[in-house]
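Colleague: One structure is given below, represented as structure tokens, and several questions about it will come after.
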Amino acid sequence: FSPTVPKGVPPSPAQQKHQYPESSAAACAVRSPAQRRWCSVSARRCVALRQHQHQPRRANTPKNRRTEETRRRGEQLGRRRSIGAARWGTRSIRKCFVVFFQESLRKITHTLAMKNEEISNFVCSLKQSLDNLEANSSRVQEDLESEFASLHSVLDEMKETMMTRIKQERASRTYELQSQLTACSKALESSEELLELANQTLCSSETDGFTQAAKDIKDSVTMAPAFRLSLKAKAGDNMSHLMVDFSQEREMLQGLKFLPVPATPEIQVSDCQVCDNTVTVVWTIPEPDSKIDHYILEHRRTNHEGPPRIREDYPWMVVEGIREMEHTLTGLRFDTRYITFRVRACNKAVAGEFSEPVTVETHAFNFKLDSSSSHQNLKVEDLSVEWDSSGGKIQDIRKEKNRTNSPMHSPARSALMSPKRAPTARPGRDRFTAESYTVLADTMIDAGQQYWEVRFDKESKAFAVGVALRSLGRFDQLGKSSASWCIHLNNWLAAAEPHGQAQQQGSNAGLSHPKQYRSVLSFFNAKTKQLMHTFKTKFQQPVIPAFMVWNGSFSVVTGLQVPSLVQSGQRKNSGTSSSNASLT
């Protein structure tokens, strides 16, 4: 411990011997509060003794001698305590420094280990890249040799074909000219013989047979081949029509280059369409490229808007062999809010880079059936419900109790729910009982235009579909109270009847003033999209899809968009926002 020396007072040799650069606060920071208080008291006593040491000397009286002796003893005690505290503080500080440097060394060691591992991985990747480079270079070289060999074979074949044509043309013309030359030679010999005979006849002095000889010569000249021959060559000697000029082709060959990587397409978001459970994606190429052979489109569902994240819940789905710069995905089920798309161009050798991912919003209503809200005679499995007279729900509860506890079924996990999820019923009490064979969805509707389809079994005796408020009573049958609206189909009576609050009130206020209503609930035939019935009312609270079945079964299809025919029908009926349910 090194107490503070008053300014201007030189320290004693003992103080110089036991001075340390560490402060008392640093020495006491690693000990208990009692030890810190002891150090503080010792320091104050030491400072007080030092201050008394430098005061003026008093008279040598017994009282002063006792006071001086007490002061010296206190000073010695303070020095011993300060020296012990300083030593103890030094050891503590050294220990703290050791711990600090050990921790720093551990961090440095961990950092070096991570860096070494990173370098090792990079070295392995470099070695793998070298191996891949050798393999790819060999493959590319073999492909180049094959292409040039095929190009040489094509040139050789074309050369052989053109040489054959020249030879045939030469042989044909040679035959024609040779035949004409032979005929002309024979005609010339015959003409020379007639000429010699005519000269002999003219030079002859005999007059008796001159007339007959002249007549015979005339007839021979008339029939001579020389006068029937054409003196025009049947074939020419010009072969310029078989000349070739490969300067353009030579330039093309000189312009041979490696196949370029296709440019990156650009998805035109403004031209993309989402309609009738289909998505049409349109893209363009910055520069025309005749080498592009096809396109590859990838898409996946996601629950967020924007670029893809590192970890997504759904994988990429691939569509290959697209020849046009647009593609339509049909038969989709929008069980997520968005779909992300990306596309790339491919030629015969290489594929280009993917375009920037584009996220398209898919408006659809998704929900599940709340098994805890179902009647005890209804057996609920995912989006299917079956009526069981023996109590299907009770059997499912017994099976659930026999299942082993797992993290997937823990209370903490099941407690997490969406803000729009409807709260489940209390355990040990059925949400619906008696003749209310009802089951509710787990998601409430508070705004927007929603659509879902219900497929009932044809053998079902009675069933209903609609919406209800959360205040629907346990004994209330669907559509027969002021808290529910539905359409009820009874196979026994072979009739479909609407039940709900708007129907009970009458049509005076509902149909004559449609603009007064804030919500419209419409029922359509899912196959023909024909309107069956429409409720126009004002929902004071959020509503929940509700279903009823007796002696039958049904299934629900969610994640569907509002069809175009249904949208057009809704516009005709009302210009307000609506919630739609389609019934099959």
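Colleague: Pull up segment 313-327, narrow it to residues that are over 12 Å from His299 (Cα atoms) and assigned to a loop (DSSP other than H, G, I, E, B), then point me to the one that is least open to solvent (accessible area, probe 1.4 Å).
Modeller: Met325
Colleague: Next question, about the same structure. Pull out all pairs, ordered by first then second residue, where Cβ-Cβ is under 6 Å, the residues are six or more apart or on different chains, the first lies in segment 520-540 and is closer than 14 Å to Gly479 by Cα, and the second is open to solvent by less than 10 Å² (accessible area, probe 1.4 Å) and assigned to a loop (DSSP other than H, G, I, E, B).
Modeller: Phe535/Gly500
Colleague: Would you mind telling me which numbered condition in (1) modelled with pLDDT of 80 or more; (2) open to solvent by less than 100 Å² (accessible area, probe 1.4 Å); (3) under 25 Å from Ser555 (Cβ atoms) Asp446 fails?
Modeller: (3)
Colleague: For segment 358-366, state whether one or more residues are crowded, with 18+ Cβ neighbours inside 10 Å, modelled with pLDDT of 85 or more, outside any strand (DSSP E or B) and small (Gly, Ala, Ser).
Modeller: No, there is no match, as no residue in segment 358-366 is crowded, with 18+ Cβ neighbours inside 10 Å, modelled with pLDDT of 85 or more, outside any strand (DSSP E or B) and small (Gly, Ala, Ser).
Colleague: Separate question: Among the residues of segment 221-256, which ones are open to solvent by 90 Å² or more (accessible area, probe 1.4 Å), assigned to a loop (DSSP other than H, G, I, E, B) and either modelled with pLDDT under 80 or of a type in the set (A, V, I, L, M) (or both)?
Modeller: Met223, Arg228, Leu231, Met243, Leu256
Colleague: Sticking with this one: For segment 195-220, what are the residues that are modelled with pLDDT under 75 and charged (D, E, K, R)?
Modeller: Those that are modelled with pLDDT under 75 and charged (D, E, K, R): Glu206, Asp208.
Colleague: Which strands (runs of 3 or more DSSP E) sit wholly inside segment 495-584 and have at least 2 residues that are within 19 Å of Gly466 (Cβ to Cβ), within 36 Å of the chain's Cα centre (by Cα) and at pLDDT below 65?
Modeller: 579-583
The values are calculated or read from the model by the stated rules, or taken from the named source; none is laboratory data. Remember, it's a predicted structure, so these values are computed and weren't measured experimentally. Here the Cβ is made from the backbone with ideal geometry for all residues, glycine too, and neighbour counts use every protein chain on show. The accessibility values were calculated without ligands, DNA or RNA, using every heavy atom of the protein model including side chains. Shrake-Rupley method; radii C 1.70, N 1.55, O 1.52, S 1.80 Å.
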